[in-house]
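Okay, structure first, notes after.
Nothing in this text is a laboratory measurement; each read-out follows from the coordinates by a stated rule. No experiment lies behind these values; they were computed from the predicted model shown. Every residue, glycine among them, receives a Cβ derived from its backbone with ideal geometry; neighbour counts consider all protein chains shown.
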Amino acid sequence: MRNRTGKLFLLVLTTVVFAACGGRDESTVGEGRITVAALESAYGSALWKEVTQAFSAKTGIEVELVIDRNIEDVIAPGMQAGDFPDVVHLATGRERALTETMIKEGALEPLADMLEMVIPGENVRVRDKIAGGFLESSLTNPYSDRKTYLAPMFYSPCGLFYNANLLEQKGWDLPSTWDEMWELGDKARAEGIALFAYPTAGYFDAFFYALLYVVGGTDFFDRATTFTEGIWETEEARIVFDIIETLASYTERSVPSNANSANFTRNQQLVLDNKAIFMPNGTWVTGEMRDAPRADGFEWGLTGLPALEAGGDSYSYTWFEQAWIPAGARNKDAAKTFLAYLYSDEAAAIFARSSAYQPIVGLGDMLEGENSLFYSIYDGGTKAALGAFATTVPVEGVTVYDTFFAPVDSLVNGSRTREMWVNQIKRNSDLLRAALK
Amino acid sequence: MKKNSKGAFIFMCLAPSVVLFTLFMVVPTINVFRMSFYRWGGYSASRTFVGLDNFRILFSGDMRFLQSFQNTVLLISVVSIVTFGISLVFASILSREEVRGKNFFRVVFYIPNILSVVIISAIFSAIYEANNGMLNSIISFFDRTREPVYWLGDNDIVIFSIAGAMVWQAIGYYMVMYMASMASVPESLYESANLEGAGKIHQFFRITVPLIWSNIRTTMTFFIISSINLSFLFVTAMTNGGPDGASEVFLSYMYRQAYTNSSYGYGMAIGVVVFTFSFALSGIVNLVTYRDPIEI
């Protein structure tokens with residue numbers, strides 16, 4: 001009898017343990033209900049709560065919103081067990097690289113039919129509402145097969161941010177070429193101001209892509225980002241490396257010490273304190289540093305990367321986030337309706353109130369304050385740079401970040417020579433080329 | 001019948017821990033070993049069996065892995081030796097000597113242990129700060145013309161800066177452990193040593209250390225395991241592996257490969273190396289530090 005009680009106890013215990021390990025309650029997700037997982041970024045969480053409520057009111061589809069600053073940690077365990085959210089708003093470039101992993105694994109739902117849908121509450125197709133260039137980017141068509149797998153979201157011009165008031169006070173002109181940039185660097189150095197600082201080496205991605213455009217235009221960018229054989233031995237590549245090497249020598253020496261996710265705002269503070277002139281960044285930096293102390297009369301300015309020579313093209317990288325539907329999602333149709341709704345004027349206006357701007361036609365009317373200045377960067381002749389390195393299958397031990405961007409820290413502190421950096425780029429590019437998808 | 005019911009009782013007592021241990025320790029460990037033979041991103045159904053390929057890549061040319069290996073070994077050695085030395089000496093002073101404010105020091109030394117690693121990292125990031133940090137301010141007090149030391153920004157120094165924070169965090173914990181075992185050393189031994197004219201240092205090496213040796217051996221294993229685990233937390237919170245991978249350690253590199261580089265299988269291969277390495281090192285340390293127990 002006692003033995004039977006023991007076995008019963010063990011059975012109950014095992015059941016409890018397995019139940020505790022179980023996934024989400026299946027009954028909570030049905031046809032008229034979707035799960036949306038969104039990253040709580042610098043824009044906050046209110047915009048997502050508001051937009052999902054507005055969507056439910058418009059379509060009758062209920063939304064279970066999961067929002068977190070580390071959304072990957074919240075949804076990844078379930079995803080590994082096959083329990084996928086229906087929509088995920090999470091950009092590439094995060095340390096956990098969940099979006100990149102989904103791309104590399106081929107685990108995303110194609111969005112062709114979503115692009116043909118009429119936006120809920122409007123009479124326009126999604127494809128026609130999204131601004132030009134975004135649907136042709138390698139960030140939305142990761143496999144270069146003209147199929148869209150990622151929906152472009154919240155775009156932001158990236159470029160060199162500076163204190164406009166400092167340049168005005170000192171009587172220094174904004175450099176329009178790299179030669180003028182170095183001249184400015186010498187003048188600033190004489191006054192104890194560094195020409196350049198960067199938050200983390202990761203911010204060199206947008207900088208590097210724009211520089212590829214500046215030096216060799218679209219053709220060179222395409223060849224470089226697909227790791228074309230011999231590309232890093234060309235004259236254009238030499239100029240790119242020259243510029244970054246020279247820029248490293250003009251960089252504030254303490255930058256690598258704080259170039260990490262915990263202390264990067266100290267590097268941004270250098271610009272606010274007039275200790276450095278330029279830093280590569282995106283429009284979110286103004287919100288990020290909203291409460292930080294700053295030099296008297298500080299005024300944000302944004303410029304594109306200078307041209308190679310007078311009259312040449314200046315470029316500013318257009319950074320944007322992505323939303324996607326996992327191939328394993330259960331409610332794909334409702335998920336696509338939700339994605340389509342995100343491009344409606346109603347949703348865009350909700351996002352705009354938190355300074356998150358959707359890449360849609362007619363956005364100009366929603367811009368306010370300094371954002372209207374930043375987003376008008378392309379009106380002054382600066383060209384938009386879009387795209388990123390092509391998708392490869394994972395190459396063990398090799399990442400684009402470690403290969404191209406992280407060594408900038410070593411160039412600045414002198415631990416690595418330019419030759420060592422370029423040799424690593426050549427070596428790893430061969431491996432990445434062989435792994436192109 | 002009585003024997004049977006005793007067996008059932010033991011079975012019932014052991015069953016919960018055995019089930020939980022198997023489920024949460026044994027099964028995941030086996031899974032780590034199994035997944036190290038696959039190429040898999042972590043989220044899809046497509047897994048490719050690649051045999052020992054992940055290990056071949058790991059040891060044939062992954063310089064970042066070798067750097068993380070080197071850094072981990074350095075941290076285990078430096079942190080263990082320095083922490084061991086300081087905490088043993090402090091423990092001896094606080095338990096054997098009549099120091100004013102003894103209890104105050106006990107509490108002060110232990111405080112770092114109850115702080116979270118994130119807070120300790122923030123404190124040390126501020127201490128190491130290049131332009132206004134405490135360390136550089138002290139240095140500049142003596143030499144105003146000297147360029148600041150980039151404690152977290154110099155590839156050659158950064159790992160020692162992290163070791164400094166780890167030592168500060170660990171001293172109190174080990175000190176308390178040593179003090180606890182020093183308390184059980186009979187006072188009469190020290191009294192007779194005093195009568196025979198043995199000095200303090202002589203007493204420390206001939207009485208204290210031999211009599212707490214089993215405790216010291218246990219802490220050796222703790223040093224190895226905690227250095228591997230805590231170094232990941234400190235590196236993540238203080239440098240993110242930077243600058244340029246110079247402070248990368250075993251677990252931070254494993255995380256970066258498994259997740260950031262979408263190479264889950266490769267990450268698990270690193271996990272297998274870490275597991276084997278820490279097990280082997282603990283075994284070796286255990287073996288070479290074996291001494292016949294001293295009976296009084």
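Table for the structure above
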item	result
Span from the region B:172-228 Cα centroid across to the region B:46-83 one, whole angstrom	35
Convex hull volume per residue in cubic angstrom - Cα atoms of chain A	176
Distant-in-sequence amide H partners of residue A:315 (H built 1.01 Å from N, under 5 Å)	A:305, A:383
Placed amide H near residue A:299: partners under 5 Å, 5+ positions off or other chain	A:164, A:165, A:166
Two-site FRET efficiency, residue B:52 against residue A:113, from Cβ-Cβ distance with R₀ of 41 Å, rounded to 0.05	0.40
Per-residue ³J(HN,Hα) for region A:226-234, Karplus 6.51 cos²θ - 1.76 cosθ + 1.60, θ = phi - 60°, Hz, x for Gly and Pro	10, 6, 4, 4, x, 4, 7, 9, 7
Within region B:90-183, GluC sites (Glu not before Pro) in DSSP loop having at most 13 other beta-carbon neighbours inside 10 Å	B:97, B:98
By average C-beta atoms within 10 angstrom, highest first, the peptides A:332-342, A:418-428	A:332-342, A:418-428
Kyte-Doolittle mean at least 1.0 and Cα axial length at least 15 Å: DSSP H helices in chain A	A:2-21
Prolate/oblate/rounded call for chain B, Cα gyration tensor, a/c under 1.5 rounded	oblate
Shielding of B:34-44 by partner chains, average beta-carbon count, 10 Å	5
Per-residue HN-Hα couplings for region B:240-256 [Karplus 6.51, -1.76, 1.60; θ = phi - 60°; Hz; x = Gly/Pro]	6, x, x, x, 6, x, 5, 10, 5, 10, 2, 6, 5, 5, 4, 4, 5
Cβ neighbours within 10 Å from other chains - mean over B:57-69	2
Dipole of region B:74-178, positive direction: furthest Cα of B:125, B:139, B:110, with charges on the beta-carbon	B:110
Inter-chain shielding of B:16-25 (mean C-beta neighbours from other protein chains, 10 Å cut-off)	2
Kirkwood hydrodynamic radius over Cα pairs of the protein assembly as shown, then Stokes diffusion coefficient at 10 °C and 1.306 mPa s, in µm²/s	55
Sites residue B:70 and residue A:222, calculated FRET efficiency, Cβ-Cβ separation with R0 56 Å, nearest 0.05	0.90
Calculated FRET efficiency for the pair residue B:26/residue B:187, C-beta based, R₀ 45 Å, to 0.05	0.50
Net charge dipole size for chain B [Lys, Arg +1 and Asp, Glu -1 on Cβ; Debye, nearest 20]	1020
Prolate/oblate/rounded call for region B:119-259, Cα gyration tensor, a/c under 1.5 rounded	oblate
